[in-house]
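> Below you'll find the structure I mean.
The values are calculated or read from the model by the stated rules, or taken from the named source; none is laboratory data. Note that this is a predicted model, so its numbers are computed, not measured. Note that we place each Cβ from the backbone using ideal geometry, even for glycine, and neighbour counts take in every protein chain shown. Areas reflect the complete protein model, heavy atoms only, side chains present, ligands, DNA and RNA absent. Shrake-Rupley method; radii C 1.70, N 1.55, O 1.52, S 1.80 Å.
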Amino acid sequence: MLIANNILKRSLENVYFFVGTACGGKTTMCRALAEKYGFIHFNDNWNEPNWNDWEALRDPVYQPYSTKKHGVRDWEAHFSRTVEEVLADEEENKDAHHAEAMENIAFSLVEIIKLSQHKKVLADIWIEDFDFLLEISDRSHIACLLAPIELIIRDYYQRADHADFTRCIQGLKNPEEKFKTQNELFRIGAEKTVEKAKSAQLFTILRSEDSTVEKTLLQLEKYFGLEK
């Protein structure tokens with residue numbers, strides 16, 4: 001049995017979705033709104049309550065993509081790929097990547113629906129398919145937070161949740177070249193996200209050097225109709 005998107009949309013009426021680029025401020029703003037209004041902040045960082053239960057339920061019959069083992073055996077070879085090689089691999093496997101992402105999103109949505117029965121939920125989850133998102137949520141409940149590539153490069157490697165990623169590259173041969181490749185991939189990915197947000201006509205906030213939590217919070221409150 002499949003649950004149609006119109007049914008999901010009805011079940012997600014109490015949810016605000018945050019999407020966008022890395023370092024755009026999604027998690028920061030969800031925390032600020034949750035603290036101010038008593039909302040629930042759901043982050044799909046694999047540490048949410050019950051996530052281990054969902055992991056145990058994964059079945060190759062129903063989740064054929066997310067149950068596959070994807071471990072990288074050779075980090076040196078993995079990060080030595082050129083930008084062109086990475087993009088070619090992504091293009092070749094885009095259908096499988098999309099299917100895996102949708103399987104993971106399904107687990108998040110089940111939890112979010114449960115949590116949103118009696119409280120509003122701020123969903124800080126990784127959804128790149130904005131067309132799908134617009135099928136399960138009203139445009140007025142979606143905010144796309146963006147960061148220019150300069151801020152992404154400046155902040156990404158400094159974040160505690162990216163420490164393993166940064167240390168891994170630092171321990172490889174010619175780390176400067178590998179960071180350069182990653183930065184170019186960040187740029188390409190950010191540009192794609194901006195274009196998709198523009199095409200989907202999502203409400204967007206572009207982070208800048210002058211951005212503050214207070215200013216961004218006011219913009220989100222106004223858009224979401226939360227002003228007290």
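> Yes or no: S116 crowded, with 19+ Cβ neighbours inside 10 Å and either of a type in the set (V, I, T) or touching a residue at least 12 places away in the same chain (Cβ under 8 Å) (or both)?
Values: crowded, with 19+ Cβ neighbours inside 10 Å: yes; either of a type in the set (V, I, T) or touching a residue at least 12 places away in the same chain (Cβ under 8 Å) (or both): yes.
So S116 passes the test.
> Here's a follow-up. Given the condition closer than 25 Å to M102 by Cα and touching a residue at least 40 places away in the same chain (Cβ under 8 Å), answer yes or no: does some residue in region 165-180 qualify?
Pass one, region 165-180, residues closer than 25 Å to M102 by Cα: 165.
Remaining after also requiring touching a residue at least 40 places away in the same chain (Cβ under 8 Å): none.
No, every residue in region 165-180 fails to be closer than 25 Å to M102 by Cα and touching a residue at least 40 places away in the same chain (Cβ under 8 Å).
> With respect to D155, determine if the residue is charged (D, E, K, R) and exposed (fewer than 12 other Cβ atoms within 10 Å of the Cβ). Please lay out each step first, then the result.
Working: charged (D, E, K, R): yes; exposed (fewer than 12 other Cβ atoms within 10 Å of the Cβ): no.
Judged against the criteria, D155 is not a match.
> Follow-up question, since we're still on this one. Looking at L133 and the list (1) under 17 Å from the mean Cα position of the chain (by Cα); (2) surrounded by fewer than 15 Cβ atoms within 10 Å (Cβ to Cβ), which single condition is not satisfied?
(2)
> Report, by residue number, each residue of region 93-109 that is open to solvent by less than 60 Å² (accessible area, probe 1.4 Å) and either part of a helix (DSSP H, G or I) or of a type in the set (F, W, Y) (or both). Spell out how you get there, then give the answer.
Step one: of region 93-109, the residues open to solvent by less than 60 Å² (accessible area, probe 1.4 Å) are 93, 96, 99-109.
Residues satisfying the conditions are A96, A99, E100, A101, M102, E103, N104, I105, A106, F107, S108, L109.
> Being modelled with pLDDT of 95 or more and either in contact with a His (Cβ under 7 Å, 6 or more places away or on another chain) or open to solvent by less than 40 Å² (accessible area, probe 1.4 Å) (or both) is the filter here; which residues of region 119-128 pass it?
Selection gives V121, L122, A123.
> So which of T216, T204, T166 is touching a Cys at 6+ places or on another chain (Cβ under 8 Å) and surrounded by 13 or more Cβ atoms within 10 Å (Cβ to Cβ)? Working first, answer last.
Working: T216 fails: touching a Cys at 6+ places or on another chain (Cβ under 8 Å); T166 fails: touching a Cys at 6+ places or on another chain (Cβ under 8 Å).
Only one candidate qualifies: T204.
> Only one residue in E150, E90 is open to solvent by 30 Å² or more (accessible area, probe 1.4 Å), more than 29 Å from P60 (Cβ to Cβ) and without any contact (Cβ under 8 Å) to a residue 60 or more places away in the chain, so which one is that?
After applying the criteria, what remains is E150.
> Shifting gears a bit: Does R139 satisfy the criteria of being over 20 Å from V83 (Cβ atoms) and either in contact with a strand residue (DSSP E or B) (Cβ under 8 Å, 6 or more places away or on another chain) or surrounded by 13 or more Cβ atoms within 10 Å (Cβ to Cβ) (or both)? Walk me through how you get there before you give the answer.
On the way: over 20 Å from V83 (Cβ atoms): yes; either in contact with a strand residue (DSSP E or B) (Cβ under 8 Å, 6 or more places away or on another chain) or surrounded by 13 or more Cβ atoms within 10 Å (Cβ to Cβ) (or both): yes.
Against the criterion (over 20 Å from V83 (Cβ atoms) and either in contact with a strand residue (DSSP E or B) (Cβ under 8 Å, 6 or more places away or on another chain) or surrounded by 13 or more Cβ atoms within 10 Å (Cβ to Cβ) (or both)), R139 qualifies.
> Which count do you get for residues in region 13-61 that are modelled with pLDDT of 95 or more and acidic (D, E)?
Result for region 13-61: 2.
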